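Q: For reference, the structure I am asking about is given below.
The values are calculated or read from the model by the stated rules, or taken from the named source; none is laboratory data. Fair warning: this is a prediction, and the values are worked out from it, not measured in the lab. Note that each Cβ is placed from the backbone with ideal geometry, even for glycine, and that neighbours are counted across all protein chains shown. The accessibility values were calculated without ligands, DNA or RNA, using every heavy atom of the protein model including side chains. Shrake-Rupley method; radii C 1.70, N 1.55, O 1.52, S 1.80 Å.
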Amino acid sequence: MPRSDSRPPEGSSRSAFGLFTAGARSTRVMLLAVLVALIAGAWGLHVIERQFRVELSNRLEASLGAVASSLEAWRSDRLREVQSWAGRDAIEAALGEPKGSSKARDLKALDRELNLSGEGMGYLGFWLLDAEGRVVLPVGGVGPEAPEERELARQALAGRSWMSHPFLGRLSDPHAAPRALLSVAAPVKDGEGRILGALLLRMAGDAMERQLQAGESGRTGETLAFDRSGLLLCDSRFEDQLRSIGLIGSDPSQDRALLHLVLKDPGGNLMKGYSPTTPPGSWLLTHDVTGALSGQRGENLDGYRDYRGVTVVGAWRWVDSLDLGLAINMDRSEAFEPFVAVRRVLLSGLLLLLSAAILSVWFWARETVQARRRARAEAKLRRLNRELELRVAQRTSQMEAANKELEAFAYSVSHDLRAPLRGIDGFSQALMEDYGDQLDESGRHYLTRVRAGTQRMGLLIDDLLRLSRVSRAQIEPAKVDLSSLAREVVEDLRQQEPERKVTVTIQAPLPAFGDPHLLKIALDNLLGNAWKYTSRKADAAIEMGTIQEEGGHAFFVKDDGAGFDMAYAHKLFGVFQRLHSVEEFPGTGVGLATVARIIHRHGGRIWAAGAPEKGATFFFTLPEEGA
Amino acid sequence: MTPEIDPKGTVLLVEDNPDDVALTLRAFKKNHFMNPVVVAKDGAEALDYLFCEGEHAGRDPHDLPALMLLDLKLPKVDGMEVLRRVRADERTKLLRVVILTTSREQQDLVTSYELGANSYVRKPVDFDEFVAAVGQLGFYWLMLNEPPRPRGGLG
């Protein structure tokens with residue numbers, strides 16, 4: 001697939017763009033779906049809550065109704081019971097005209113009988129009073145003491161059957177602690193309907209409790225009965241807790257809520273450690289009690305504080321026939337538990353949906369931002385590349401132009417600068433030949449000096465041209481053996497001066513990587529210098545080899561000739577810099593500059609060490625192949 | 001005109017520098033060459049002479065020089081162009097051409113041979129060397145070397 005391979009950037013950018021738009025569309029659709037789901041969820045939740053409240057309200061009302069009816073039915077039963085007792089002949093007889101000693105005996109028998117049957121029916125005791133309210137039975141009894149029971153007796157003697165609220169009183173033992181009692185009373189009448197007295201049946205104060213328990217539900221649902229002062233007429237489900245928070249005392253006479261607790265709002269949740277800022281005496285009656293006392297039926301599903309300070313929901317009413325208020329309460333947290341559970345599930349689902357949506361939007365946004373950033377970076381990179389290419393092209397063309405100029409200059413120099421020199425030399429020669437006899441010795445000497453000058457200038461021009469050529473030449477590196485190049489150079493030198501006695505030692509092989517032509521020029525100069533500067537020694541030595549250097553090895557060319565002062569080492573490689581006069585050693589001062597330029601153009605280093613009359617050593621490095 | 005070895009053949013010297021002309025003529029004299037020397041001061045004049053045009057319109061076109069000494073850097077038409085035209089023309093393509101120049105550029109040398117120069121001689125600055133060089137090339141090209149017989153009726 002050479003075609004697809006050759007155009008990967010275009011292809012990939014196209015597909016990235018496609019992904020980008022597809023992502024945007026699907027994200028938009030998904031967001032819309034999530035929005036619809038959220039609205040539907042919120043509306044559904046609202047509907048469910050409304051429905052739930054309706055059902056809760058119905059349930060509360062139904063429970064309250066059931067409790068009230070069963071309480072009324074129970075009351076009627078008790079009243080009927082006391083009336084039927086009061087209608088017994090023995091009772092009537094006991095209150096009738098005295099009939100001598102038999103009466104006392106009859107009374108004792110009735111007392112026993114009433115006690116027996118009363119116990120069997122769950123009654124704790126009884127009072128039989130005559131029309132003046134005096135105690136007839138039990139014999140020797142003190143009669144009703146508690147105001148509630150006295151009032152009850154009054155009502156019965158006035159001809160009305162009645163039931164008291166629970167009240168605190170004593171049974172037979174006058175020294176015992178008072179306990180909660182509840183009495184029913186009925187008048188005792190003779191055959192003509194005249195009231196002979198009253199019968200009171202006493203039972204336990206919590207006798208009503210069983211009927212109220214019908215309203216108990218769940219963990220916290222309870223039914224409360226209370227009188228006009230808000231005093232609780234039944235027990236509480238939470239007596240242990242009420243004791244622990246001190247709302248009812250631990251004293252045995254007050255250790256129950258019945259008849260000891262007034263239903264007031266403490267102002268905060270006592271169960272959660274709320275400590276009221278005002279004394280209980282100044283607290284207001286609870287919301288439900290207040291409602292019931294105003295004679296209204298009512299309910300509250302939003303929540304109000306009960307006597308524990310716990311937020312509850314409930315319903316209440318005043319029951320005239322019983323002369324008491326009824327309230328049915330349940331902790332709001334429990335009442336709404338099913339709804340809260342449903343809501344939690346629904347909200348969790350919606351939350352999950354929402355987070356998924358947010359997450360995907362975030363991903364999409366990040367992807368978009370990244371794609372944009374990438375595109376921007378790519379564009380910038382392209383622009384920079386273009387600029388760079390442009391700049392490189394400009395520089396290249398500038399450099400090419402400069403190089404061309406340099407070449408033209410060098411060409412000019414090589415051609416034009418030498419022509420006049422040849423003229424000077426040629427005509428000096430002609431002058432010498434044709435008119436030499438007309439000149440004296442010093443005239444001829446001057447002409448010789450003129451010719452020497454032109455020749456030196458010719459050498460300088462040639463060397464400069466070589467340096468310029470070395471600087472311009474294209475480097476074409478190859479594997480090269482410096483050892484064999486050096487041997488060629490030395491061979492040439494020996495041919496030029498066969499009379500010289502020089503011991504040349506060249507390490508073999510000396511593999512290197514560089515331009516063979518340029519390296520040959522470098523060795524020409526280095527070995528040529530070594531040859532030249534040992535010319536005053538009868539028996540000279542030149543050595544070439546390698547030494548280990550930091551990060552590789554260095555080549556060296558060493559001689560035992562005139563050497564140089566290290567103080568001037570920095571001048572060695574400068575153009576026209578010479579450490580010896582032309583008279584001492586001929587030369588133009590361009591050779592080492594040429595060598596240095598060749599080594600530098602290869603990326604190598606060159607340096608020298610030496611001392612006057614102790615010889616000189618030149619070191620140079622060349623980068624390895626591939627470096 | 002015989003096409004045999006011709007020690008008296010004309011030498012065409014194409015050189016713009018009068019000093020070099022004088023020195024070359026002196027070198028000829030010092031080497032005892034008696035050949036007539038025609039000097040052209042630029043490439044155009046050299047071509048006129050060879051092809052008998054312009055100033056040299058009346059000249060016999062069959063009378064070709066025995067040797068042309070050609071400088072490369074010339075006014076009007078440069079040495080390379082002269083060489084190219086000489087080699088391209090049927091009448092002159094066998095003419096012996098020696099490049100005699102100051103240029104040391106490798107490129108000049110290569111181009112000259114590619115265009116068909118017979119020799120390439122660099123003028124040394126030292127006049128003694130110059131005399132020796134001129135002597136050697138004159139001796140070789142004018143006396144030793146045997147030129148080819150021109151085909152057609154030019155010879």
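Q: Starting from the Cα of residue A:282, step 7 Å along the direction of its Cβ; do the same at residue A:445; then give the gap between the two resulting points in nm.
A: For residue A:282 paired with residue A:445, the spin-label model returns 14.0 nm.
Q: Would you mind computing, in nm to one decimal, how far apart the modelled labels at residue A:503 and residue A:472 are, each placed 7 Å from Cα along Cα→Cβ?
A: If labels sit at residue A:503 and residue A:472, their model points lie 4.5 nm apart.
Q: State, in square angstrom and to the nearest 100, the accessible area buried between chains B and A, both chains counted, probe radius 1.4 Å. Provide the component values of the computation, followed by the final result.
A: On the way: alone 8480 and 35880 Å², together 42250 Å².
So the total buried area for this chain pair works out to about 2100 Å².
Q: Run the dipole for the range A:433-508 about the Cα centre, Lys and Arg Cβ at +1, Asp and Glu Cβ at -1, nothing else charged, and hand back the magnitude in debye, nearest 20.
A: 460
Q: Mind jotting down the three principal axis lengths of the range A:249-305 based on Cα atoms? Whole angstrom, largest first.
A: On the principal axes, the range A:249-305 reaches 36, 24, 20 Å in Cα extent.
Q: If you split all Cα-Cα distances of the range B:13-144 into 10 Å bins from zero, what percentages do you get per bin, shortest first?
A: Histogram of Cα-Cα distances, whole percents per bin: 12, 46, 36, 6.
Q: In the neighborhood of residue B:108, defined by Cβ-to-Cβ distances under 10 Å, what is the net charge if each Lys or Arg adds +1 and each Asp or Glu adds -1?
A: On the way: positive: B:73, B:104, B:122; negative: B:105.
Spelling it out: positives minus negatives among the neighbours equals +2.
Q: Please determine, in degrees from 0 to 90 and to the nearest 10, the orientation of helix A:516-533 with respect to the longest principal axis defined by the Cα atoms of chain A, where the helix direction is its Cα long axis.
A: Once rounded, one gets 60 degrees.
Q: Could you give the length gained on full extension between residue A:601 and residue A:189, defined as 0.36 nm per residue of separation minus the Cα-Cα distance, in nm? Working shown, then result.
A: Working: separation 412, 0.36 × 412 = 148.32 nm, distance 14.58 nm.
Full-extension gain reported as 133.7 nm.
Q: Roughly how tilted is helix A:8-86, in degrees to the nearest 10 and between 0 and 90, from the longest Cα axis of chain A?
A: 10
Q: Follow-up question, since we're still on this one. Give, in whole angstrom and from largest to smallest, the semi-axes √(5λ) of the equivalent ellipsoid of the range A:141-296, with λ running over the eigenvalues of the Cα gyration tensor.
A: For the range A:141-296, the semi-axes come out at 34, 18, 14 Å.
Q: Given the DSSP H assignment, sum -39500 (n - 2.57) over each helix run of at least 4 residues in chain A and divide by its residue total; what's the result at 222 nm in deg cm²/dmol, nearest 500? Provide the component values of the computation, followed by the final result.
A: Numbers: 15 runs with 313 residues, N = 627.
It lands at -17500 deg cm²/dmol.
Q: So, R0 is 35 Å and r is the distance between the beta-carbons of residue A:399 and residue A:456; what FRET efficiency does that work out to, to 0.05? Working shown, then result.
A: On the way: r = 34 Å, r/R0 = 0.96.
The pair residue A:399/residue A:456 has a calculated efficiency of 0.55.
Q: Oh, and also: Give the value in nm², to one decimal: projected area of the alpha carbon convex hull of the range B:19-66, averaged over all directions.
A: Numbers: hull surface 15.2 nm².
With every direction weighted equally, the projected area is 3.8 nm².
Q: Subtracting the Cα-Cα distance from 0.36 nm times the residue separation, let me have the gained length for residue A:88 to residue A:416 in nm, one decimal. Working shown, then result.
A: Details: separation 328, 0.36 × 328 = 118.08 nm, distance 16.75 nm.
Separation in residues times 0.36 nm, less the Cα-Cα distance, equals 101.3 nm.
Q: When ligands, DNA and RNA are left out and all protein chains stay put, how many square angstrom of accessible area per residue does chain B have with a 1.4 Å probe?
A: On the way: 7410 Å² over 155 residues.
That works out to 48 Å² for each residue.
Q: Once you list every other residue whose beta carbon is under 15 Å from the beta carbon of residue A:402, what net charge do they have if Lys and Arg are +1 and Asp and Glu are -1? Let's see the in-between values first.
A: Numbers: positive: A:395, A:404, A:472; negative: A:400, A:405, A:407.
So the surrounding residues net to 0.
Q: Please state the shape class of the range A:339-437: rounded when a/c is under 1.5, otherwise prolate if a/b exceeds b/c and oblate if not, all from the C-alpha gyration tensor. Walk me through the numbers before you get to the answer.
A: Details: a/c = 23.02, a/b = 10.79, b/c = 2.13.
It is prolate, given that a/c is not under 1.5 and a/b is the larger ratio.
Q: Taking 20 °C and 1.002 mPa s as the conditions, I'd like the Stokes-Einstein D for the range A:475-620 in µm²/s, using the Kirkwood hydrodynamic radius from alpha carbon pairs. Present the calculation step by step, with values, prior to reporting the outcome.
A: Working: Rh = 15.4 Å.
My calculation gives 139 µm²/s for D.
Q: Could you check how much of the accessible area of the protein assembly as shown is carbon and sulfur, as a whole percent, using a 1.4 Å probe? Numbers along the way, then the final one.
A: On the way: 23500 of 42250 Å².
Answer for the protein assembly as shown is 56 percent, counting heavy atoms of protein chains only.
Q: At q = 0.17 Å⁻¹, what is the log10 ratio I(q)/I(0) for the range A:16-215, with the Debye formula run over Cα points and no solvent?
A: At q = 0.17 Å⁻¹ the computed log10 ratios are -1.10.
Q: Also, quick follow-up: Excluding residue B:131 itself, what net charge comes from residues whose Cβ is under 12 Å from its Cβ, given Lys and Arg +1 and Asp and Glu -1? Walk me through the intermediate numbers first.
A: Numbers: positive: A:422, B:26, B:29, B:30, B:123; negative: A:425, A:433, B:126, B:128, B:129.
My count for the surroundings of residue B:131 gives 0.
Q: How far apart, in nm, are two points set 7 Å out from the Cα along the Cα-to-Cβ line at residue A:383 and at residue A:535?
A: Placing both labels 7 Å along Cα→Cβ, they lie 6.5 nm apart.
Q: To test your reading of the geometry: what angle, between 0 and 90 degrees and rounded to tens, separates the Cα axis of helix A:147-157 from the longest principal axis of chain A?
A: Once rounded, one gets 40 degrees.
Q: From the C-alpha coordinates alone, can you work out the Kirkwood hydrodynamic radius of the range A:241-347, in Å? Don't skip to the answer; put the middle values down first.
A: Working: mean 1/r = 0.0657 Å⁻¹.
Kirkwood radius, the range A:241-347: 15.2 Å.
Q: How do the peptides A:434-444, A:452-462, A:470-480 rank, highest first, by the average count of neighbouring beta carbon atoms within 10 Å per residue?
A: Details: A:434-444: 10.5, A:452-462: 16.4, A:470-480: 13.5.
With the highest mean Cβ count within 10 Å placed first, the list reads A:452-462, A:470-480, A:434-444.
Q: Please give the per residue accessible area of chain A, computed with a probe of 1.4 Å over protein heavy atoms only, in Å².
A: Details: 34840 Å² over 627 residues.
Result: 56 Å² per residue.
Q: Tell me what chain B gives for mean residue ellipticity at 222 nm when only DSSP H runs of n ≥ 4 count, each as -39,500 (n - 2.57), the sum divided by the residue total, rounded to 500 deg cm²/dmol.
A: Working: 5 runs with 53 residues, N = 155.
About -10000 deg cm²/dmol.
Q: Can I ask one more? For an R0 of 45 angstrom, estimate the FRET efficiency from the Cβ-Cβ distance between residue A:354 and residue A:243 and round to the nearest 0.05. Kindly include the intermediate steps, with their values, before the conclusion.
A: On the way: r = 48 Å, r/R0 = 1.06.
That pair, residue A:354 with residue A:243, gives E of 0.40.
Q: Put +1 on the Cβ of each Lys and Arg and -1 on the Cβ of each Asp and Glu in chain A; which of A:322, A:453, A:220 then has its Cα farthest toward the positive end of the dipole?
A: The residue sitting farthest along the positive end of the dipole is A:453.
Q: Each residue of the range A:295-312 in turn: what ³J(HN,Hα) in whole Hz from Karplus with 6.51, -1.76, 1.60 and θ = phi - 60°, glycine and Pro shown as x?
A: x, 9, 7, x, 8, 9, 9, 7, x, 8, 7, 8, 5, 8, x, 7, 6, 10
Q: Rounded to the nearest 10 Å², what accessible area does residue B:108 show when all protein chains are kept and the probe is 1.4 Å?
A: Approximately 20 Å² for this residue.
Q: What list of whole percents do you get for P(r) of chain A, with Cα-Cα distances grouped in 10 Å bins up to the one holding the largest distance?
A: Result, from short to long distances: 3, 10, 12, 9, 7, 5, 4, 4, 4, 4, 5, 6, 6, 6, 5, 4, 3, 1, 1, 0, 0, 0 percent.
Q: Can you work out the FRET efficiency for the pair residue B:132 and residue A:611, with r the C-beta to C-beta distance and R0 = 51 Å, to the nearest 0.05?
A: Working: r = 43 Å, r/R0 = 0.85.
With a Förster radius of 51 Å, E is 0.75.
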